[in-house]
Amino acid sequence: MSSSSPSPNGASLSSPPPASPHDDSFFSPSAETAAATPATPATAATTTTFFTPVGGDPSPFSSPEAQISWPADGSLTLSWVLDLMSKFDWASRNLPPTDFPTVLPVEVFDRLVLTASKILHKEPNLVRVDLDADDDSGKDCRVVVVGDVHGQLHDVLHLLNSAGFPSENRFFVFNGDYVDRGAWGLETFLLLLAWKVFMPERVFLLRGNHESKYCTSVYGFEQEVLTKYGDRGKHVYRKCLGCFEGLPLASLIAGRVYTAHGGLFRSKPVTPSKRSKGKKNRRINSNPEVSSLSLGSLEELSKARRSVLDPPWEGLNLIPGDVLWSDPSMTPGLSPNTERGIGLLWGPDRTEEFLKRYQLKLIIRSHEGPDAREKRDGLAGMDEGYTIDHVVESGRLITLFSAPDYPQFQATQERYNNKGAYIILEPPNFDNPTFNSFEAVTPRPKANPYYDYQDVIDSDEELDLAAMVSET
Ligand SMILES: [Mn+2]
């Protein structure tokens, strides 16, 4: 693995200085709350606030008395997952990042990631979230859909508190982009893996474009891991990348709602037969002309090879890159996403085609925050954490973004002040979304950025393809 990170603008990514302890955010929990153990059932989460409420009041948890250890019998419990969350929250407020291994030793990290990776790698590219709404036990089921969270740990904890934790009848589908930009990508990703391991049939983690070697080497996650784990950092980073490769690409909820990080994808180019292995076919394969682009099928999606560190932008395996990087457009048709250098742009006509072909009602995708939306003609801004982009005969296309006050670090004083949002899908059809917008948890604990946010390109557009080639 190369030790130098690609840098789109030629700026060097230097190691951030070690963070000073957050002296202004130390707290002394009161005696009564310090003794509280979060052993209540997950359903209680809607009424009980375990974590720092909006406004930045101290966490009700005491300092971790001991570091996290892997359960002796190897099976995670609800209290183990809640304990992990509270210790991550505590550590983010009270410890310098270099002390993170005192909370989560590398051996425990290894067990968690290995266990999660085994589950994730077995899942199909398109995970089916099936709820039996006719069944008596299914009529109280709901699905919470979450968009980009980008290492904003405290906002994720708040979201889980607000929506209620995963449980027998509360499913979660996360649309990817767990890491990068925010200072707690590792904590965020690991706590979601913990939920996945604890409730593999209730929690679904899809891959975002940031769950890749290329993005994490530019937007902070690699540096974050190297900082937090020191001389074990390379090992930890490699294990995370291996886990990213296993993340499924898309979900189909109740047979009616398609979700993916970027969205739709092209049909696989025709493979040249041995007889016609001429120049013409080769050219079409490596550089498909606009006229040859057509929407891919769910069957093609299911067959795509997703285990790649960086989804390729050329060649024959283009579906993962499309699903992770594409954006909707108000212009009809399908065209290459030249702004991003990978993926597609698709118009309302293609949303209708896709919905109609599979008798779906809704596409929920993520991938565009307030910064990206500022530059998109004809598409709404991300102030509320979601937008309804296409309204067509068969249904709707929604963009969902769950990182409020994003990005955590930015060069200008003026912030977007965007809300984040999550969606709840309820029976009987799970296709009429309820939007829940929420504000960022403030104040955020102090942290240093892990990437050069002043010089790095503003949005994750314009892939530095040369860097990707050298990194592959
Ligand atoms: Mn994205």
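Listed values, structure above:
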item: Listed peptides 114-123, 157-166, 256-265, 69-78 by packing density, highest first (mean Cβ within 10 Å); result: 256-265, 157-166, 114-123, 69-78
item: Inter-label distance for THR102 and ASN417, nm, one decimal - labels placed 7 Å from Cα along Cα-to-Cβ; result: 3.9 nm
item: Rounded, prolate or oblate (a/c below 1.5 giving rounded, otherwise prolate when a/b exceeds b/c) for the stretch 392-449 by Cα gyration tensor; result: prolate
item: Separation between Cα centres of the stretch 119-133 and the stretch 178-209, rounded to whole Å; result: 16 Å
item: Calculated FRET value between LYS356 and ALA380, using beta carbons and R₀ = 30 Å, to 0.05; result: 0.80
item: Cleavage-rule hits (GluC sites (Glu not before Pro)) in the stretch 146-203: DSSP loop, at most 15 neighbouring Cβ within 10 angstrom; result: GLU168, GLU201
item: Set LYS234/LYS268; LYS375/LYS419; LYS87/LYS118; LYS139/LYS303; LYS118/LYS139; LYS234/LYS375 screened for pairs whose C-alpha atoms are more than 27 Å apart; result: LYS234/LYS268; LYS139/LYS303; LYS118/LYS139; LYS234/LYS375
item: The stretch 315-393: relative contact order as a whole-number percent, Cα under 8 Å and 6+ apart; result: 24 percent
item: Distant-in-sequence amide H partners of ASP180 (H built 1.01 Å from N, under 5 Å); result: GLY185, PHE221
item: Equivalent ellipsoid semi-axes - Cα gyration tensor, the stretch 75-190, angstrom; result: 28, 16, 15
item: Anisotropy class of the stretch 307-389 from Cα gyration tensor, a/c 1.5 cut; result: oblate
item: For peptides 224-233, 438-447, sequence by mean Cβ density within 10 Å, most packed first; result: 224-233, 438-447
item: The stretch 312-421: antiparallel DSSP beta bridges as a percent of all, rounded to 5; result: 55 percent
item: Net charge, ARG207 excluded, C-beta distance under 14 Å - Lys, Arg +1, Asp, Glu -1; result: -3
item: Charge tally in the Cβ shell below 12 Å around ALA304, where Lys, Arg are +1 and Asp, Glu are -1, ALA304 excluded; result: +3
item: Neighbour-count order for VAL113, VAL179, fewest beta carbons within 10 angstrom listed first; result: VAL113, VAL179
item: Derived scalar couplings ³J(HN,Hα) [the stretch 183-188; Karplus, 6.51 cos²θ - 1.76 cosθ + 1.60; whole Hz; x for Gly, Pro]; result: 8, 10, x, 5, 4, 4
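Throughout, read-outs are computed from the coordinates displayed, never taken from laboratory work. Being a predicted model, the structure only gives us computed values, none of them experimental. Glycine also receives a Cβ, built like all others from the backbone with ideal geometry; neighbour counts cover every protein chain displayed.
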